[in-house]
1. Going by average Cβ neighbours within 10 Å, how do the peptides 511-519, 102-110 rank, with the highest at the top?
2. Which ordering of HIS299, HIS79 is given by a fewest-first count of other beta-carbon atoms within 10 Å?
3. Compare the Cα positions of LEU346, THR552, ALA424 along the charge dipole of the chain (+1 at Cβ of Lys, Arg; -1 at Cβ of Asp, Glu; about the Cα centre) and return the one farthest towards the positive end.
4. In region 206-266, which chymotrypsin sites (Phe, Trp or Tyr not before Pro) are in a loop and have at most 10 other Cβ atoms within 10 Å, using DSSP for the loop call?
5. In which sequence would SER410, SER84 go, from the one with the fewest C-beta neighbours within 10 Å to the one with the most?
6. For region 450-554, rounded, prolate or oblate, judged on the Cα gyration tensor with a ≥ b ≥ c (square roots of eigenvalues), a/c < 1.5 rounded, else prolate if a/b > b/c?
7. Can you show me the helix-derived [θ] at 222 nm for the chain, built from DSSP H runs with n ≥ 4 at -39,500 (n - 2.57) apiece and divided by the number of residues, rounded to the nearest 500.
8. Within a 10 angstrom radius of the beta carbon, how do MET131, MET435 rank from fewest other beta carbons to most?
Amino acid sequence: MYYRFFITAFCLLWSIDCLYSCKEDEAGKQDAAITLISPSFNEAFDLTLTEQVRFSWASDANTGYILLLDKTADLSDPHAIPASAKSLDVPASELDDLLAAWGVGIGKSSFVYWAVVAADAAQSKPKNANMIKLIRKSNESETPWATGNEKIPVLAWLSIPTMDTWFPGGAPWSDAEIQARYQTLKEAGFLYSLSHRTDDDHVKKALDAGQANDVKIIVNLFNWEPPYDVSSDADITACVNRFKNHPGLGGYYLRDEPPFSIFDMLGDKVRLIESIDNDPEHFCYINIAGGVEADLGFHGVGGDYLANYLTPFVNKVPQKFMAFNTYPITVKSLDPVNRHAGYRILNKIWYGVLEVFLKKSQQSGLPFWTFAVSSAHQSFPAPITSDLRMEIYTSLAYGAQGIQYFTYWSQGGGFYAMVDPGGAKTTVYNVVKEMNEEMQNYAAVFLGASVVWVKHSGNENFAPGWTTMLEPSQLPPQIKTLQTGNAGTVVSLLEKGNRMFLVIVSRDANETQEMQIETADSVREITKRKTLRTVTGLKTETLLPGDMKVYTWNK
């Protein structure tokens, strides 16, 4: 789960009939005109001794491909990597991370099964697979990193409807169907669910299912019927009184991207809710549109975003955290077949928005939650792992305390999200699932940490506006040298308890970049495997697109 472009969303509940019989004379296999060439059957690779493993195949198809890797021969839960050619070099470090995610110990071996499908048939079931043996790296300098049970809040936007509302004449689902859908949501790593509102009886079913699956429901108090505004005081009072003591309740949703003109009204609604429900674990949720300069037609006020929009919102509307959306990664045009494809275009104003919210958070003491895109729509591609890493790790480096995904359900309008309109997993599902697992391995770093400063490295010509370049003299004494490529990185110094953390996130969404770092003897790297790695001295490290390195030491 911790490797470049492992968009493992292609797990589509394939049946469990065995795809492969382990016979040596079956080394070359064919599936839909795809012949697996190398590695050969039962070939072994010691990941300590090799830098990469090349997978190759032959095909007459004129399309992209998906390389599937799994720990079982039936490929029932595969990890997947997209490929544009008929071969793919997978770095040993990424394969090592994959084995670690499967529970294979350092220096231990495991069989790995692989197959290839065409990208335009990504949901098809391969008829055959090949088997290789991988031996994990033996790195005596790594030790386990003991962490607690902290979890970064993860919210699914436009999540599970409580009835089949996406189709005309849709019928209510059974209780068992609703339970199953929330179990699927939970398995993807979500802790909060926000859906369209139908009626209170259906909300009750969602709360019951959420409670059973340890997912908190944000009850939707937005009126989805004309005039499309926040529910009346009478409806809010009745709803809050009915559900305020339900164990599945997380909070109350009021509005998305509100204009300045309704801040006073929203403040009154929040105070009404809090006068009825004073549970400190419950919150009123309002998502606001991020910005650097306020837009009169959109925000309802012009000029400086922080002074004229965000500060009045914080002053007028009681909140336990600020939630905002700005989506940084687009492509020139969406591929109608492989919606994950495309050269990534980064809107660097995103960094300016993060700077604004960090500043307001430090001024007000309010934490903030950010978004990652989990649906292909407009010019936003379906995410690959590097997209989510860049969006999420950059946000966490800026101090975000919660992550939201837009969207979970493919509700129509050109959206291609984690599940389709009927609730079946799409090719996005496991991308997000694995990202959530990877992110939570760092929860003990980010949750509750204070941002000392955030700077940017690299060539000044590539630096986003609104940000501050890192000067070597500003590095803590434990970091003697830090040099990155032209594309640069976000560099954040965090403080938590008696620990310090230096977080470095690549600003390149498409290519790898090298960085050089020299550390004191006391510094350790926190790996995606939840281990501490010795990094003393001058090291040259490779940053995958959008990826992150985390270093720590005692105060």
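Values quoted throughout were computed directly from the atomic coordinates according to the rules given, and no laboratory measurement underlies them. Every value quoted in this text rests on a predicted model; they were computed, and no experiment measured them. Cβ coordinates were reconstructed from backbone atoms using ideal geometry, including for glycine residues, and neighbour counts include every protein chain displayed.
1. Working: 511-519: 17.0, 102-110: 14.0.
So the peptides 511-519, 102-110, ranked by packing, come out 511-519, 102-110.
2. Numbers: HIS299 23, HIS79 26.
By the 10 Å Cβ count, ascending, the order reads HIS299, HIS79.
3. After comparing all options, I get THR552.
4. Listed in order of number, the matching sites are TYR228.
5. Working: SER410 24, SER84 11.
Starting with the residue having the fewest Cβ neighbours, the order is SER84, SER410.
6. Numbers: a/c = 1.60, a/b = 1.31, b/c = 1.22.
It comes out prolate by the Cα gyration axes.
7. Values: 11 runs with 116 residues, N = 555.
Mean residue ellipticity at 222 nm (helix-derived): -6000 deg cm²/dmol.
8. Numbers: MET131 19, MET435 31.
Going from least to most buried by this count: MET131, MET435.
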